[in-house]
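Student: The structure under discussion is supplied below as structure tokens; questions concerning it will follow.
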Amino acid sequence: MAPKKAKKRSEGGGSNVFSMFEQAQIQEFKEAFTIMDQNRDGFIDKNDLRDTFAALGRVNVKQEEIDEMLKEAPGPINFTVFLTMFGEKLKGADPEETILNAFKVFDPEAKGTLRKDFVTDMLTTQADRFSPEEMEQMFAAFPPDVAGNLDYKNLVHVITHGEEKDQE
């Protein structure tokens, strides 16, 4: 009963950012924040971002890029601000079921996969068209199987949850 109340409050524009996420998601964000807070002072600053990029293999990050990232925050980035920023970014994202249903329209046999060439054709010729580079990035991140099929259920899960679904 309590989670439903919390959800209603967050939809109505309540101020408690913690009610926007499930406990497991908050824990994942906390782990990410801790990794990024390289100097462990409870705030993410320029040096933390530079060190985080370096740890990820990007050593030549421009100062302007870091400044732009920090400008997105209303002030110093503690965990609550960090969580609020993610909440605002994710607010416009469609729910998993909505995205999944969009793919299911093209999968009448409910296999959970679509042909790579079909997906490429649809995404490069319809509505907000993907560029060849965007298609390349998508298939690099979500490669089709050996038969040329894209597992759209896993793709949707990663889009909405940020991690691969455990194969059962």
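Student: So, in region 72-119, how many residues would count as being closer than 20 Å to HIS161 by Cβ and of a type in the set (Lys, Arg)?
Tutor: Result for region 72-119: 3.
Student: Against the condition at pLDDT 90 or above and surrounded by fewer than 16 Cβ atoms within 10 Å (Cβ to Cβ), how does ASP41 come out, does it pass? Spell out how you get there, then give the answer.
Tutor: Values: at pLDDT 90 or above: yes; surrounded by fewer than 16 Cβ atoms within 10 Å (Cβ to Cβ): yes.
Yes; evaluated as a whole, the condition is true for this residue.
Student: Evaluate the following for ASP117: is it more than 27 Å from PHE33 (Cβ to Cβ), in contact (Cβ under 8 Å) with a residue 24 or more places away in the chain, assigned to a helix (DSSP H, G or I) and open to solvent by 60 Å² or more (accessible area, probe 1.4 Å)?
Tutor: When the stated conditions are applied, ASP117 passes them.
Student: Can you name the residue in region 124-143 that is open to solvent by 50 Å² or more (accessible area, probe 1.4 Å) and closer than 17 Å to ASN154 by Cβ and is also modelled with the lowest pLDDT among such residues? Break it down stepwise before answering.
Tutor: First, the residues of region 124-143 that are open to solvent by 50 Å² or more (accessible area, probe 1.4 Å): 125-130, 132-134, 136-137, 140-141, 143.
Add one more test, that the residue is closer than 17 Å to ASN154 by Cβ, and what stays is 137, 140-141, 143.
Details: GLN137: 88, ALA140: 88, ALA141: 85, PRO143: 92.
Looking at the filtered set, the residue picked out is ALA141.
Student: Here are the criteria: (1) small (Gly, Ala, Ser); (2) loosely packed, with under 11 Cβ neighbours inside 10 Å; (3) under 20 Å from the mean Cα position of the chain (by Cα); (4) within 30 Å of GLY148 (Cα to Cα). Tell me which single one ALA110 does not satisfy.
Tutor: Exception for ALA110: condition (3).
Student: Take region 46-71 and flag every residue that is outside any helix (DSSP H, G or I) and farther than 16 Å from PHE33 by Cβ.
Tutor: The initial filter retains those residues of region 46-71 that are outside any helix (DSSP H, G or I), namely 56-62.
Once the filter is applied, which keeps residues that are outside any helix (DSSP H, G or I) and farther than 16 Å from PHE33 by Cβ, region 46-71 yields GLY57, ARG58, VAL59, ASN60, VAL61, LYS62.
Student: Another question about this same structure. Which condition breaks for ASN154 when tested against (1) surrounded by fewer than 13 Cβ atoms within 10 Å (Cβ to Cβ); (2) assigned to a helix (DSSP H, G or I)?
Tutor: Condition (1) is where ASN154 drops out.
The values are calculated or read from the model by the stated rules, or taken from the named source; none is laboratory data. Bear in mind the structure is a predicted one, so any value in this text is a computation, not a measurement. Counting neighbours? That spans all protein chains shown, and the Cβs are built from the backbone with ideal geometry, glycine included. Ligands, DNA and RNA are excluded from the accessible area calculation, which covers all protein heavy atoms including side chains. Shrake-Rupley method; radii C 1.70, N 1.55, O 1.52, S 1.80 Å.
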